[in-house]
Amino acid sequence: MNILLLEDDLILNEIITEYLETKEFTVTSTYDGEDALSNLFSNIYDLLLLDVNVPNINGFEILKRLRQEGITTPSIFITSLNQIDDLKKGFDVGCNDYIKKPFELEELGLRIENIKKTFNIDANSLIIDENITFDTKDLILNNDGIIHHLPQKESKILIYLINNANKIVSHDELISNVWGYEETPSSSTLRTYIKNLRKILSDEYIQTRKGVGYSFNKK
């Protein structure tokens with residue numbers, strides 16, 4: 001699990017990072033909003049842990065920008081703000097959870113585990129239907145006994161579509177959440193990946209919403 005941590009308190013940043021690394025998570029530690037935003041626009045993360053009151057760009061503004069760009073990476077705010085208006089603002093800009101300082105590291109761990117379950121992060125197997133499963137570790141799709149080894153990029157597209165099943169995912173949203181900003185693919189490249197997945201799954205699972213994007217129909 002790849003986590004970006006934004007926390008300007010050096011000691012707390014180090015404590016959280018060490019704790020997460022004992023859980024075998026990969027952690028990118030940042031201390032100010034600009035550094036965090038730079039990392040977010042050049043790398044793909046599974047989870048964001050964001051303090052609010054940090055130098056340069058606050059956590060609320062960072063998440064607001066990400067959501068406006070269509071980046072849906074799950075996020076947890078870590079903050080000393082404890083007013084109900086602050087809590088409301090956090091959820092309004094798109095956070096998935098909110099933990100107030102001071103807190104026990106075990107509580108943070110439990111909240112992260114809940115996010116992992118909700119968003120199928122690091123899940124070893126995704127069930128598409130009773131006859132089709134996808135092994136996210138070895139990138140193997142089993143379609144009624146027929147085994148397909150998927151390339152990494154097609155696997156990431158499939159995982160994102162499955163985790164957003166039964167809703168329309170725009171081209172921009174898919175690109176923002178699968179590719180970093182430094183390697184934006186062309187429309188034809190994206191269509192090629194989708195075409196390859198359809199050959200394996202059939203058209204009934206991945207449908208094109210003309211002029212908008214794609215939807216994954218999970219049964």
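Relative to the longest principal axis of the Cα atoms of the chain, the long axis of helix 105-118 makes an angle of roughly 20 degrees. Most simply put, the chain has about 55% antiparallel DSSP beta bridges, counting only bridges with both residues inside it.
Ranking Val169, Ile78, Ser125 by Cα position along the charge dipole of the chain, where only Lys, Arg, Asp and Glu carry charges on their C-beta atoms, puts Val169 farthest toward the positive end.
Please return the longest stretch of the chain lacking exposed loop sites, where chymotrypsin sites (Phe, Trp or Tyr not before Pro) count only if DSSP places them in a loop and at most 15 other Cβ atoms lie within 10 Å.
Numbers: sites that count: Phe41, Phe103.
Between the exposed loop sites, the longest stretch runs 104-219.
For the range 87-100, backbone phi angles converted through the Karplus equation (6.51, -1.76, 1.60; θ = phi - 60°) give residue-by-residue couplings of 4, 4, 4, x, 6, 5, 7, x, 6, 9, 7, 8, 10, 9 Hz, Gly and Pro being listed as x.
Do any trypsin sites (Lys or Arg not before Pro) in the range 1-74 lie in a loop, going by DSSP, with at most 16 other beta-carbon atoms within 10 Å of their beta carbon, and if so which? Answer in residue order: Lys23.
The distance linking the range 19-76 with the range 138-179 is 23 Å (Cα centroid to Cα centroid, whole angstrom).
Using only C-alpha positions, report the orientation-averaged shadow area of the convex hull of the range 2-118, nm², one decimal. Working shown, then result.
Numbers: hull surface 26.2 nm².
So the mean shadow area of the Cα hull is 6.5 nm².
State the percent of C-alpha pairs, over all pairs in the range 125-216, separated by a distance greater than 20 angstrom. Don't skip to the end; give the middle numbers.
Details: 1251 of 4186 pairs.
Value for the range 125-216 (Cα pairs over 20 Å): 30 percent.
With +1 on the Cβ of every Lys and Arg and -1 on the Cβ of every Asp and Glu, and nothing else charged, how large is the dipole of the chain about its Cα centre, in debye rounded to the nearest 20?
Magnitude of the dipole: close to 1260 debye.
Our coupling estimate for the range 28-39, obtained by passing each phi through the Karplus curve with A = 6.51, B = -1.76, C = 1.60 and θ = phi - 60°, is 9, 8, 10, 10, 9, x, 5, 5, 4, 5, 4, 5 Hz, Gly and Pro reported as x. For the range 5-107, GluC sites (Glu not before Pro) meeting the loop criterion (DSSP other than H, G, I, E, B) and having at most 16 other Cβ atoms within 10 Å: Glu24, Glu69, Glu104. Assuming charge only on the beta carbon of Lys and Arg (+1) and of Asp and Glu (-1), the dipole of the range 125-216 about its Cα centre is about 300 debye to the nearest 20.
For Lys117, a cut-off of 28 angstrom between C-alpha atoms picks up these lysines, skipping any fewer than 8 places away in its own chain: Lys23, Lys64, Lys88, Lys89, Lys100, Lys101, Lys137, Lys153, Lys156, Lys167, Lys218, Lys219. Among the listed values (i) 17.0, 51; (ii) 18.4, 54; (iii) 15.6, 45, the one computed from these coordinates for Rg and Dmax of the Cα atoms in Å is (ii).
Here, each number is a calculation from the coordinates, and none is a lab measurement. If you're wondering where the values come from, they're calculated on a predicted model, not measured in any experiment. Don't worry about glycine lacking a Cβ; one is built from the backbone with ideal geometry, like all the others, and counts go over all protein chains shown.
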